[in-house]
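Structure first, then comments.
Throughout, read-outs are computed from the coordinates displayed, never taken from laboratory work. None of the values given here were measured: they were computed from a predicted structure. Neighbour counts run over all protein chains shown; Cβ positions are idealised from the backbone, glycine included.
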Amino acid sequence: MKVENIELYYLSMPEILDVADGSQDALIVKVEAGGLAGWGECEASPLTSIANYICPKSHSAANPIKRSVIDKNINNLDDIKKIINEVKQKSLMIAQTPHTFSGIEVALLDLLAKKENCPIYSLLGDKKTTPKIAYASVLFGKTPEETFKIGKSIKEKKFKAIKFGWQNFGLDIQLDEQHLIAAREGIGKDLDLMIDVGAIWGTNIDKAQKRLNIFNNANITWLEEPFYSDAFYEYSKLHSLTNLPLAGGESCHSVESAKNMIRFGKVKFIQIDAGIAGGIIAGKEICNFAEENNIQYVNHTFTSHLQLSASMQPYANSKQSFFAEFPQQLKSLAWDLTDNHIKLDEDGKINIPEDIGHGMKINLNALEKYKVDVEIFVNKEKIF
């Protein structure tokens with residue numbers, strides 16, 4: 001069968017706030033072939049990615065992604081790999097390409113798995129899945145008191161781990177310490193505590209180093225994204241100054257950028273988003289490389305459960321990589337996007353569905369409810 005049609009759905013909450021919450025809008029992909037439909041999600045700026053998909057050609061390495069996907073064969077995994085290579089060649093010089101194509105690749109795999117009547121992970125060679133320890137992914141509270149309350153409420157939900165991140169942390173070391181003390185007191189001594197600072201220190205090693213004692217006192221499992229994602233020297237330098245495990249990789253936009261984060265950044269946890277790094281096949285290659293180098297692979301997810309399932313597919317049956325990010329503060333858009341959801345079990349673990357494809361059922365009503373109307377014209381010709 002051949003790829004007959006691709007539809008892109010730009011979805012958004014009524015108001016977009018200037019906060020570190022990627023669940024406020026979405027770009028959903030529908031790929032159709034042979035009477036089947038596959039679904040994916042791009043973790044990217046929706047309008048930018050739409051332009052990337054349909055933009056006029058600039059030169060031989062700056063083509064619209066559409067040109068490399070429509071009418072292509074999709075009968076087996078090798079066909080999808082051929083599409084991946086063609087997209088890389090023909091759209092190489094458009095920086096948005098990996099983000100846009102990631103969601104398309106997920107949809108292609110979902111469609112192929114439906115053709116083969118199997119889960120996506122089985123296409124990648126896994127016969128079964130292994131539940132992962134879910135860490136509740138939340139933002140720091142506006143105050144340490146609020147952070148304490150968030151931590152306590154998460155513990156009551158039977159989570160075994162929690163990650164506080166991004167906002168209200170990293171600029172005032174005394175306030176940072178108060179947040180960490182509050183977080184640890186809220187969740188108790190036994191739960192894993194991860195901290196994500198959202199690259200707030202850029203390339204400033206000194207600011208990170210000054211906080212090592214308070215991180216150690218809070219007994220955190222890892223420090224995530226202390227620097228920009230390509231600041232490999234700074235990551236490796238901080239690694240040499242502490243035994244504190246470092247995590248990063250959510251901004252890695254290719255297999256090689258993730259491998260370099262491992263090779264030169266010296267992270268102990270590589271966090272990959274199927275909607276950013278090139279898709280699920282890219283994630284599988286990164287996972288294999290990571291585990292060969294004794295590094296744990298972890299999904300990055302802060303949007304819908306469609307994206308959660310997609311980002312867990314690359315390490316579905318791994319026992320070496322056993323943590324999974326499980327977002328807990330989703331906007332209604334991200335929650336409403338699917339009719340079914342991945343649930344926490346009594347042991348504080350989550351698992352991807354064993355159903356066909358990625359196992360998530362799209363709520364078509366949500367596509368209409370949150371849809372943003374977009375029209376794009378070039379020389380008065382409507383191209384989207």
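Laid out as a table, the results:
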quantity	calculated
Region 1-127: relative contact order in percent, alpha carbon pairs under 8 Å with at least 6 residues between	29 percent
Amide proton proximity set for residue 194, modelled H, under 5 Å, gap of 5+	162, 163, 164, 221
Packing-based exposure ordering (other Cβ within 10 Å, fewest first) of 180, 36, 123	36, 123, 180
Label point at residue 339 placed 7 Å out along Cα→Cβ; residues across region 38-78 whose backbone nitrogen lies under 16 Å	38-39
³J(HN,Hα), Karplus 6.51/-1.76/1.60, whole Hz, each residue of region 292-301, x for Gly, Pro	5, 9, 6, 10, 7, 8, 9, 5, 10, 8
Top positive-direction residue, dipole computed over the chain with Cβ charges, set 37, 73, 52	73
Estimated Rh, region 123-350: Kirkwood, alpha-carbon pairs, angstrom	17.6 Å
Summed side-chain charge close to residue 140 - residues other than residue 140 whose Cβ falls under 15 Å, Lys, Arg +1, Asp, Glu -1	-4
Karplus-derived 3J(HN,Hα), 6.51/-1.76/1.60, for each residue of region 303-314, Hz, glycine and proline x	10, 7, 6, 4, 5, 5, 4, 4, 6, 8, 4, x
Cα centre as origin, Lys/Arg/Asp/Glu Cβ charges: region 264-384 dipole, Debye	280 debye
Inter-site label distance for residue 377 and residue 173 at 7 Å from Cα along Cβ, in nm	5.8 nm
Extension reserve of the residue 181-residue 156 stretch, reckoned as 0.36 nm per residue once the Cα distance is removed	7.2 nm
Overall form of region 205-300 per C-alpha gyration tensor (a/c, 1.5; a/b vs b/c)	prolate
Percent RCO, i.e. relative contact order, over the chain, from Cα pairs under 8 Å lying at least 6 residues apart	19 percent
Pairwise label distance in nanometres, residue 128 with residue 7, each label 7 Å out on the Cα-Cβ vector	3.9 nm
Other-chain or far-sequence residues with amide H under 5 Å of residue 276's (modelled H)	43
Added length on full extension, which subtracts the Cα-Cα distance from 0.36 nm per residue, residue 230 to residue 118	36.6 nm
Of 155/349; 2/66; 259/343; 82/114; 210/268; 82/284, pairs whose Cα-Cα distance is over 24 Å	259/343
Nonlocal amide H pairs with residue 227, under 5 Å, H built at 1.01 Å	199
Cα→Cβ-extended label distance, 7 Å offset, between residue 95 and residue 67, nm	2.1 nm
Value of Rg/Rh across the chain [Cα atoms, Kirkwood radius]	0.97
Which of 169, 98, 1, positive extreme of dipole for the chain (C-beta unit charges)	1
Residues residue 320 and residue 17, FRET efficiency given R0 of 30 Å [Cβ-Cβ distance, rounded to 0.05]	0.20
